[in-house]
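**Student:** The structure follows.
Only the coordinates and a few stated rules stand behind these numbers; no lab work does. Note that this is a predicted model, so its numbers are computed, not measured. No Cβ is skipped: glycine too gets one built from the backbone with ideal geometry, and neighbour counts run over all protein chains shown.
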Amino acid sequence: MAFQPIVDVDTREVFAYEALVRGENGESAWSVISAISQEDMYTFDQTCRVLAIETAQRLGMQTYLSINFLPNAVYEPATCIRLTLAAGRKVGFPPERLIFEMTESEKISDPAHALRIIRDYQKRGFLTAIDDFGAGHSGLNLLADFQPHIVKLDMALTRDIDKDPVRQAIVGGVIGTCRALGCRIVAEGVETREELDTLRQMGVHLIQGYLLAMPALEALPEPDYSVC
């Protein structure tokens, strides 16, 4: 597992660390997941959750832990969450510090089933998030069907936003919608000071990206607060 911080640039504190699966030699999450068969996807999803929790506790994480999950791999929410909760109890990681991210870039085969998963997680008190918002298959429909606690703007929207009025207009609309729904916003993939400054001026204060810290294998990287 690698971890990358999500930073509140106003308070200069880490809000959460996102757990990112990596290969044995540091291969990307995409390359790892693409090698997993559909039949093994459930086991893979469960294994990644447990490994993320165990590693976070071993590293002494005191913030939220954000875990990506694959809705197409979850066959029954109550059953699938049982192993996750057991892993947390075993190592002493508080379940109230878990965030579950559902990526928008994965095509959801059964939207009604995905909604049941999210509703179940929310009832259990977990924070929920839409990852890669603006990059994939569902967009505003996904946001309309369930109101997550957090919406993570995909890097395709944040890249060069400081000099792109179109992206500014789109992100501004998403910000207004999220505020109306009570959702917090995270900007992903922020790589320049100019992108950061523009997003802050627009009201986005939770930032994730190479500008602040790159993902680190088996470690909790300290953000570079000097850019804030």
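**Student:** Out of every Cα pair in region 108-228, what percent are spaced more than 17 Å from each other? The partial results should precede the final answer.
**Tutor:** Working: 4235 of 7260 pairs.
Cα-Cα pairs in region 108-228 separated by more than 17 Å: 58 percent.
**Student:** For the residue pair Leu85 and Tyr42, what label-to-label distance in nm results when each label sits 7 Å from Cα along the Cα-to-beta-carbon direction?
**Tutor:** 1.9 nm
**Student:** Out of all DSSP beta bridges with both ends in the chain, state the antiparallel percent to the nearest 5. Numbers along the way, then the final one.
**Tutor:** Numbers: 11 of 34 bridges.
Of those bridges, close to 30 percent are antiparallel.
**Student:** Right, next: Expressed in nm to one decimal, what extension gain is obtained for the pair Ala169 and Arg12 from 0.36 nm per residue of sequence separation less their Cα-Cα distance?
**Tutor:** Working: separation 157, 0.36 × 157 = 56.52 nm, distance 2.69 nm.
Length difference between fully extended and current span is 53.8 nm.
**Student:** Give the list, by residue number, of cysteines in the chain with no other Cys Cβ closer than 4.7 Å, or say none.
**Tutor:** That list is Cys48, Cys80, Cys228.
**Student:** Okay, moving on. For the chain, what's the relative contact order in percent, using C-alpha pairs closer than 8 Å and at least 6 residues apart?
**Tutor:** On the way: 397 pairs, mean separation 53.8, N = 228.
Computed over the chain, the figure is 24 percent.
**Student:** Shape of region 30-70 from its Cα gyration tensor (a ≥ b ≥ c, root eigenvalues): rounded if a/c is under 1.5, otherwise prolate when a/b > b/c, or oblate?
**Tutor:** Since a/c reaches 1.5 and a/b is larger than b/c, the shape of region 30-70 is classed as prolate.
**Student:** Quick check: the distance between the Cα centres of region 177-205 and region 1-63, to the nearest angstrom?
**Tutor:** Region 177-205 and region 1-63 have Cα centres separated by 22 Å.
**Student:** Using helices alone, what [θ] at 222 nm do you get for the chain, with -39,500 (n - 2.57) per DSSP H run of 4 or more residues, divided over all residues and rounded to the nearest 500? Mind showing how you got there, number by number?
**Tutor:** On the way: 8 runs with 87 residues, N = 228.
Helix-only estimate at 222 nm: -11500 deg cm²/dmol.
**Student:** Please compute the length gained on full extension between Asp160 and Gln62, using 0.36 nm multiplied by the number of residues separating them and subtracting their Cα-Cα distance.
**Tutor:** On the way: separation 98, 0.36 × 98 = 35.28 nm, distance 3.24 nm.
The Asp160-Gln62 span can extend by a further 32.0 nm.
**Student:** Then there is this: Can you run the Rg to Rh ratio on region 2-227? Use alpha carbon positions and the Kirkwood inverse-distance Rh. Mind showing how you got there, number by number?
**Tutor:** Numbers: Rg = 16.9 Å, Rh = 17.9 Å.
With Rg and the Kirkwood Rh in hand, the quotient comes to 0.94.
**Student:** Between Glu191 and Ser34, how high is the FRET efficiency from 1/(1 + (r/R0)^6) when r is the Cβ-Cβ distance and R₀ = 25 Å? Nearest 0.05. Walk me through the intermediate numbers first.
**Tutor:** Values: r = 25 Å, r/R0 = 0.99.
After rounding to 0.05, the efficiency reads 0.50.
**Student:** Run the simple label-point estimate for Leu51 and Ala180 please: 7 Å along Cα→C-beta, distance reported in nm.
**Tutor:** Each label point lies 7 Å from its Cα, and together they span 4.2 nm.
**Student:** Sticking with this structure for a sec: Take every DSSP beta bridge whose two residues both sit in region 129-228, then give the antiparallel share in percent to the nearest 5.
**Tutor:** On the way: 0 of 9 bridges.
Here the antiparallel bridges make up roughly 0 percent for region 129-228.
**Student:** What is the sum of charges, Lys and Arg at +1 and Asp and Glu at -1, for the other residues whose Cβ falls under 14 Å from the Cβ of Arg184? Walk me through the numbers before you get to the answer.
**Tutor:** Numbers: positive: Lys152, Arg179; negative: Asp8, Asp10, Glu101, Asp131, Glu188.
Residues near Arg184 contribute -3 overall.
**Student:** Take every DSSP beta bridge whose two residues both sit in region 1-90, then give the antiparallel share in percent to the nearest 5.
**Tutor:** Details: 7 of 11 bridges.
So the antiparallel bridges amount to about 65 percent of the total.
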